[in-house]
Amino acid sequence: MPANTILRLDGVRKVFGSFTALHGIDLEIQEGEFFTIVGPSGSGKSTIIRLLVGMDELTAGEIRLHGERIDQTPANLRPTCMVFQSLALFPHMSVGQNIEFPLKLRKVDPAARKTRAIELLELLHLPASYYDKRVSECSGGEKQRVALARALAFDPEILFFDEPLSALDYRLRKSLEKELKDLHARTGKTFVYITHSLEEAMVMSDRIAIMKEGRFEQISTADEIYSQPVSRFVAEFMGEVNLFDVSAFNDRIEGEGLTVAQNAATKGMAERIAAARNATLMIRPEYVQFLGPDGSADFTVEGKVQGIYALGSRIHYEIKSAEGQILTVEKLREDRYDGGKGDTVRLGWGAANAHVIEGQSL
Ligand code: ADP
Ligand code: MG
């Protein structure tokens with residue numbers, strides 16, 4: 001095992017009665033990493049975290065911290081800490097008392113406790129005067145910061161977060177996402193974060209694990225998961241995407257109304273598609289171009305404009321292809337398509353922007 005692996009899971013299984021929530025999970029998390037697990041509701045995210053912090057027992061498998069088994073260690077003896085969506089602060093206590101709570105448990109003397117609490121307030125960008133403020137008088141965002149300060153007061157090696165921002169409104173969530181990323185950098189601690197929002201995961205994480213029905217579908221950097229998903233599930237989870245069922249014969253790619261130019265790039269793709277037998281071609285909406293009458297591209301498809309939706313700085317177009325498939329195109333406002341609904345258009349994109357998902361047809 002490399003020296004910098006902090007947490008390692010081998011064959012971790014969790015069964016509830018006749019239902020298998022985790023199907024033998026393997027995972028290595030590196031020291032100091034911001035690692036995020038993303039997946040739909042019910043995919044097993046909270047179950048993993050509950051096993052890691054010791055709130056629940058695993059059915060089979062092993063969990064190691066710095067190479068030492070911890071799966072049989074009681075929760076209070078594990079050097080980890082959890083931040084929940086429901087913050088579980090003590091509402092009748094002051095901010096300072098809440099933050100100091102872990103230190104009091106450890107019998108740190110009052111003066112040292114206060115010094116540390118003030119440091120943590122500063123780290124979380126809260127004024128020192130909040131030390132005496134009641135938690136019940138704090139806003140949602142402030143409570144979230146107090147909960148983080150209290151978690152850090154435990155001085156855990158790993159901080160676990162189970163959807164801590166999901167109850168907050170959009171703007172506050174966006175600013176706290178950035179603060180969490182910044183806090184991670186400043187503390188140098190290992191953060192293991194759970195969310196069902198891929199956008200949130202992409203903002204903060206060093207690596208992301210995509211979870212589906214108790215298994216990891218893909219574990220990689222945000223960039224790689226976005227541009228090279230291993231499955232249709234991952235591709236669709238990472239936002240809107242255009243998918244074509246494709247096959248290839250004699251270096252020629254065929255599929256769903258596509259016209260494919262014959263060149264070195266498409267030939268290479270055709271070879272991979274032929275070898276995989278079944279394949280899906282993926283193209284993100286922002287890489288699709290509206291082609292003029294003389295325009296050409298590696299891949300082209302014809303269709304009719306069905307919908308135009310302004311989304312702030314970007315515009316979304318829905319195009320129904322001749323084969324009946326709905327395609328999505330996204331343009332920046334300044335690159336907008338001039339025409340309107342009902343127009344017949346030709347769409348195109350380069351092979352370099354398309355990705356082949358091997359072994360998966362629609
Ligand atoms: P997530 O956090 O990804 O939404 P969970 O890990 O909470 O999902 O749950 C995964 C699956 O395990 C769900 O189908 C859930 O119903 C089931 N599950 C979780 N805890 C229990 C339990 N204590 N008893 C029975 N089933 C459970
Ligand atoms: Mg959950």
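The numbers here are math on the coordinates, done by the rules we state, and not lab data. Keep in mind it's a predicted model, so treat the numbers as computed, not measured. Quick reminder, even Gly has a Cβ in these numbers, built from the backbone with ideal geometry, and neighbours come from all protein chains shown.
Placing unit charges on the Cβ atoms only, positive for Lys and Arg and negative for Asp and Glu, gives the range 283-334 a dipole magnitude near 220 debye about its Cα centre.
Farthest towards the positive end of the charge dipole of the chain, among the residues Ser41, Pro285, Phe160, is the Cα of Phe160, using unit charges on the Cβ of Lys, Arg, Asp and Glu. Note on Glu334/Phe90: beta-carbon distance plugged into 1/(1 + (r/R0)^6) with R0 of 51 Å gives a FRET efficiency of 0.45. Local charge for Met269 was computed over the other residues whose Cβ lies under 11 Å away, with Lys and Arg +1 and Asp and Glu -1, and equals -1.
Between Ala128 and Ala265, the modelled label-to-label distance comes to 5.9 nm, taking each label 7 Å out from Cα in the direction of the beta carbon. Relative intensity of the range 150-253 on a log10 scale, I(q)/I(0) at q = 0.15, 0.19, 0.22 Å⁻¹, equals -0.72, -1.05, -1.27, per a Debye sum over C-alpha point scatterers of equal strength in the absence of solvent. Between Glu137 and Ser313, the modelled labels are 3.9 nm apart [label points 7 Å from Cα along Cα→Cβ]. Note on the chain: dipole from Cβ charges, positive end direction compared against Tyr170, Met269, Leu103; the farthest Cα belongs to Leu103. Each 10 Å bin, from zero up to the one with the longest distance, holds this percent of the alpha carbon pairs of the chain: 5, 20, 24, 21, 16, 10, 4, 0.
Remark: the range 183-321 carries a charge dipole of roughly 340 debye about the Cα centre, counting +1 on each Lys and Arg Cβ and -1 on each Asp and Glu Cβ. Length gain on complete extension for the stretch Val203 to Thr187, per 0.36 nm per residue less the alpha carbon to alpha carbon distance? So the extension gain works out to 4.0 nm.
Would you tally the net charge around Ala354, using a Cβ to Cβ cut-off of less than 15 Å, leaving Ala354 out, and scoring K and R as +1, D and E as -1? Charge balance in the 15 Å sphere: -3. For the range 311-322, 3J(HN,Hα) computed residue by residue from phi via the Karplus equation (6.51, -1.76, 1.60; θ = phi - 60°) reads 10, x, 6, 10, 10, 9, 10, 10, 10, 9, 6, 4 Hz, glycine and proline entered as x. For Lys189, the aspartates and glutamates whose Cα falls under 14 Å of its own Cα, not counting residues fewer than eight places away in the same chain, are Glu31, Glu33, Asp155, Glu157, Asp206. Let a ≥ b ≥ c be the square roots of the eigenvalues of the Cα gyration tensor of the range 45-149; is it rounded (a/c under 1.5), or, if not, prolate (a/b larger than b/c) or oblate? Taking the square roots of the gyration eigenvalues as a ≥ b ≥ c, the range 45-149 is prolate. More than 28 angstrom separation, counting every C-alpha pair in the range 184-326; what % is that? Roughly 33 percent, once rounded to a whole number. Taking 7 Å steps out from each Cα toward its Cβ at Thr59 and Lys178 produces label points 4.4 nm apart. Among Gly255, Gly339, Gly348, determine the one that fluctuates most according to a GNM of the chain built with springs between C-alpha atoms less than 10 Å apart. Greatest mean-square fluctuation among the candidates belongs to Gly339. If you run the Gaussian network model on the chain, springs between alpha carbon atoms under 10 Å, then out of Ser41, Ser18, Ser129 the most flexible one is Ser18. Working note: 222 nm ellipticity from helices only, DSSP H runs with n ≥ 4, each -39,500 (n - 2.57), summed and divided by the residues of the chain, gives -8000 deg cm²/dmol to the nearest 500. In plain terms, the chain from Ala352 to Ser18 could stretch by 115.6 nm, reckoned as 0.36 nm per residue minus the Cα-Cα distance. Taking each of Lys133/Lys181; Lys212/Lys341; Lys14/Lys104; Lys14/Lys114; Lys104/Lys178 in turn, the alpha-carbon distance tops 32 angstrom for Lys212/Lys341; Lys14/Lys104; Lys14/Lys114.
Other residues within the sphere of radius under 15 Å centred on the Cβ of Cys138, judged by their own Cβ, net out at +2 (K and R +1, D and E -1). Taking 0.36 nm per residue of sequence separation and removing the Cα-Cα distance, the Ser296/Thr73 pair yields an extension gain of 74.0 nm. Rounded to the nearest 0.05, the FRET efficiency derived from the C-beta distance between Lys304 and Glu254 at R0 = 30 Å is 0.85.
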